[in-house]
Amino acid sequence: MFYALKRPSEEEEWNYFLLYMASLRKRYFIGTYYIQEWNLYTPVFKMPPTIVDKRAFTPIEKEVLDNAYRMVCIGCGRCCARSSGAFAFEHEIEEFKDKLPIEVDLLDWFYVRLSYVGDVKVFRLDKGVAGSCVLYDVKKRWCILAEEEKPVICIIHYCSLYAERRGKYYVKVAVKRRYNELIPIYKEAQGKVLRRIKSMLRRAYRST
């Protein structure tokens, strides 16, 4: 069955709780989607009902998911190279600490209070030049971790510019206001246009 992470709020405890629960189930992550019916960008997981924490996840019908836009990463480096804000929960650090380019003891850390869970230790990864992530290889312009090894914030967070739906690719071209909501507008992007935009963004962020 498919499950979406519930909607974040203005409460830090709730938002960190959602991320923490997602980090425990990231092996089941299938993509971050914009769901039109909900006007929501949300990570989606395909997992057995027996391991679902209903406090954090809500079921989503396959028909709704088929009509949603799945975000696509083009590897431009925007999220990693500058002011990344990257972080990892303590249990995530344990999973890849042997690959860290610096000692864990050199990372800043802090405690956050999670709804239902309590205090959890979080490590900051934005210790590189200009706030870049320490996992970002400046020479190769890529993350040193495999996709499944990355912290949950890196796996589920997308800039929302590129998307895929039913085998076609889209670019977000505008945002319109509807009452108190902002609605993204996606337009199908084909061939040369898509490649040109990708190339432009990659050059912009890989030249820093």
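No lab work stands behind these numbers, since they all come straight from the coordinates. No experiment lies behind these values; they were computed from the predicted model shown. Methodologically, a virtual Cβ is constructed for each residue, glycine included, from the backbone with ideal geometry; neighbour enumeration extends over all protein chains shown.
Computed from phi, the 3J(HN,Hα) profile of the stretch 77-82 under the Karplus parametrisation 6.51, -1.76, 1.60 (θ = phi - 60°) reads x, 4, 6, 10, 7, 9 Hz, with x in place of Gly and Pro. Under 5 Å between amide hydrogens, built in the peptide plane, is the criterion, and for S132 it picks out S83, S84 among residues at least 5 positions away or on other chains.
Taking every DSSP helix (H) stretch of at least 4 residues in the chain, weighting each as -39,500 (n - 2.57) and dividing the sum by the residue count yields a mean residue ellipticity at 222 nm of -6500 deg cm²/dmol. Comparing mean-square fluctuations of T42, T50, T32 from a GNM of the chain with C-alpha springs under 10 Å, the top value falls on T50. Springs join every pair of Cα atoms under 10 Å in this Gaussian network model of the chain, and among G75, G118, G85 the largest mean-square fluctuation is at G118. For the chain, the spherically averaged projection of the C-alpha convex hull amounts to 12.7 nm². In the chain, taking the dipole from charged Cβ atoms about the Cα centre, the farthest positive-side position among C133, F57, G167 is held by G167.
Whole-Hz Karplus values for the stretch 111-128 come out as 9, 10, 9, 9, 4, 6, 9, x, 7, 9, 7, 10, 9, 7, 10, 8, 9, x Hz, taken residue by residue from phi with 6.51 cos²θ - 1.76 cosθ + 1.60 and θ = phi - 60°; glycine and proline positions read x. Using the alpha-carbon positions of the stretch 1-106, Rg (one decimal) and Dmax (whole number) come out as 15.5, 47 Å.
Excluding same-chain neighbours fewer than eight residues apart, the lysines reachable from K6 by a Cα-Cα span under 17 Å are K26, K46, K54, K62.
Over the Cα atoms of the stretch 78-144, Rg to Rh with Kirkwood Rh, two decimal places?
Numbers: Rg = 12.5 Å, Rh = 12.5 Å.
Dividing the radius of gyration by the Kirkwood radius yields 1.00.
Which net charge results for the neighbourhood of L182, defined as the other residues with beta-carbon distances under 12 angstrom from its beta-carbon, given Lys and Arg at +1 and Asp and Glu at -1? Value of the local net charge: +3.
If exposed means no more than 14 neighbouring beta carbons inside 10 Å and the site is in a DSSP loop, what's the longest run of the chain without any exposed chymotrypsin sites (Phe, Trp or Tyr not before Pro)? The partial results should precede the final answer.
Details: sites that count: Y116, Y179.
With chymotrypsin sites (Phe, Trp or Tyr not before Pro) excluded where exposed in loops, the chain gives 1-115 as its longest stretch.
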